[in-house]
Amino acid sequence: MTKLYRLIPLALSVAFATNAHAACLTDAQTADLVASYLARIPAANPENLSDADGACTRAKVNALLAPRLGKVVGYKAGLTNPAVQKRFNTDKPVWGRLYDGMVLESGATVEAAFGARPVYEADMLVRVKSVAINQARTPMDVLEAIDQVTPFIELPDMLVQAPPKLNGAGVSAINVGARLGVAGTPLPVPVLRAERYAMLDALRDMRVALQDASGASLGGGKGSDILEHPLNAVLWLAGALAQEGLALQPGDLISLGAFSPPLPPKAGLAVTATYSGLPGAAPVRVTFK
């Protein structure tokens, strides 16, 4: 796995080398996409995008979102679960930006129609402590450069008229559907190295479950469903950002991706995510109205 992630920057450099020649959505198409996002109405599907097309469209989308959504508070790694990748006909992750106000507290009540194509999924956040994270090569390197691990129910918006027709580049183009999420109680990263190894193992082996108010299962997965270890999502993200001249900064939040398949919310549904096998992890909850 370590060798795989050392190769990621090279693969990304090839992907982004064509960025200047990418057939981005036009400025008018991008403006329409962002207008649909802001109005929470389905947008036209971006068609037949290459990875470079998706990346330059994402940049255009974020240039229009930033004046309206404000400060960037972090990033989300998407399509980090191979099962989810298959849904979008891709074999690689993508990334988007998180903005101020997107992360709500556990117990929040959110409109079921919080987006044009709203879904919910079990996820996790980490918070960057040190710029050393940009040189991380292993999950332990990542753990030593973060200070919090937080249970998280992400509330993405797949935005377009036909989400199943999106490819990975199309998901990138819509800023990976970043809209909202509900964060639980942060777990501090242990100081002692032995305890850090225990947390690393727990993150890999934990069972993540979504349940409704009656306790019925809504889906779930395990820690290793995300790139064999959830902190590998951070390794991938740091490499991807570096290829665009960007770097993670202290205080940045990172959404690691989905442990469970995306599901549509319904008014009256209360969802709880639990992280069995991760000591100290409290459940995180959201209710849809």
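The values are calculated or read from the model by the stated rules, or taken from the named source; none is laboratory data. Remember, predicted model here, so these are calculated numbers, not experimental data. Cβ coordinates were reconstructed from backbone atoms using ideal geometry, including for glycine residues, and neighbour counts include every protein chain displayed. For accessibility, only protein heavy atoms count, side chains too; no ligands or nucleic acids. Shrake-Rupley method; radii C 1.70, N 1.55, O 1.52, S 1.80 Å.
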Those residues that are buried (at least 19 other Cβ atoms within 10 Å of the Cβ) and of a type outside the set (A, V, I, L, M, F, W, C), I need them from region 86-120; list them, please. T90, P93, G96, R97, Y99, S106, G115, R117, P118, Y120
Here the residues within region 229-243 that are touching a Lys or Arg at 6+ places or on another chain (Cβ under 8 Å) and assigned to a loop (DSSP other than H, G, I, E, B) are H229, P230
Test: P82 is open to solvent by 50 Å² or more (accessible area, probe 1.4 Å) and under 16 Å from the mean Cα position of the chain (by Cα): yes
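Hand me the list of strands (runs of 3 or more DSSP E) wholly inside region 174-228 holding 3 or more residues that are acidic (D, E).
Values: elements: 180-183, 207-211, 217-222.
No strands (runs of 3 or more DSSP E) qualify here.
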Test each condition in (1) of a type in the set (D, E); (2) more than 13 Å from the chain's Cα centre (by Cα); (3) open to solvent by less than 10 Å² (accessible area, probe 1.4 Å) for D123 and report the one that comes out false. (2)
Within region 220-265, restricting attention to residues that are more than 21 Å from V84 (Cβ to Cβ) and charged (D, E, K, R), which residue is modelled with the lowest pLDDT? E244
By residue number, the members of region 240-257 that are in contact (Cβ under 8 Å) with a residue 24 or more places away in the chain and open to solvent by 10 Å² or more (accessible area, probe 1.4 Å) are A242, Q243, E244, A247, Q249, P250, G251, D252, L253
